[in-house]
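First the structure, in the form of structure tokens, and then the observations on it.
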Amino acid sequence: MTSRLSFAAIVAVVSVGAACASSNRRSNCEPVPAAAMIGAHTVVYRDCDVDSRPTISSTMLRVQGYTPNPGTSCANALIEFVVDSTGRPDVATAKTARATDQKLADAMISTLGSLRYRPAKRDGHAVASYTSWGVTLAAFVVGRAGSGPPPPSPRC
């Protein structure tokens, strides 16, 4: 009975909402980090300070250039970055918020420039916003057809 190790990607666009739990969207937002500013005259808003957050519009969401270390069963990373008012991620503002494998976060940042978003909206206008993207990869064993039920996937 032959089996092989496969990686499944669970890709999610995650908002940076923890600091923005207030029901009054503009009263308790933390300021955007200075490193995330994209020019002297461009205002960048947090997800909690807009009417609608940026949403991914790219059809192929694939992290390119990542190979997990041998024996890795789970890896996850969260990066933060600015999506400008045209829906383009500003790669220069990207940083790792947290990662179990920095190589995954680096590959996500390298992939970021190929993604497109519908920009955040504030008062009916497209605006630049500071947001995040999270990825979780889990390894699981895949057996041949008819070899019984697959083992449960690992929890990350």
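The values are calculated or read from the model by the stated rules, or taken from the named source; none is laboratory data. Because the structure is predicted, anything quoted here is derived from the model rather than measured. So basically every Cβ, Gly included, is an ideal-geometry build from the backbone, and we count neighbours across all protein chains shown.
Filtering the range 114-131 to residues that are touching a Lys or Arg at 6+ places or on another chain (Cβ under 8 Å), of a type outside the set (A, V, I, L, M) and within 11 Å of Tyr45 (Cβ to Cβ) leaves Ser129, Tyr130, Thr131.
Every test in (1) out of contact with any strand residue (DSSP E or B) (no Cβ under 6 Å at 6 or more places or on another chain); (2) among the polar types (S, T, N, Q); (3) crowded, with 18+ Cβ neighbours inside 10 Å is passed by Ser114 save one, and that test is (3).
Looking at the range 58-106, which of its residues are among the small types (Gly, Ala, Ser) and under 16 Å from Ala138 (Cβ atoms)?
Our first condition is that a residue be among the small types (Gly, Ala, Ser); within the range 58-106, this holds for 58, 65, 71, 73, 75, 77, 85, 87, 92, 94, 97, 99, 105.
Once the filter is applied, which keeps residues that are among the small types (Gly, Ala, Ser) and under 16 Å from Ala138 (Cβ atoms), the range 58-106 yields Gly71, Ser73, Ala75, Ala77, Ala99.
The strands (runs of 3 or more DSSP E) located wholly in the range 1-104 that include 2 or more residues which are surrounded by fewer than 16 Cβ atoms within 10 Å (Cβ to Cβ) and at pLDDT 70 or above occupy 89-99. When Gly113, Gly87 are checked against the criterion of being free of Cβ contacts under 8 Å to residues at least 40 places away in the same chain and over 30 Å from Pro70 (Cα atoms), a single residue qualifies: Gly87.
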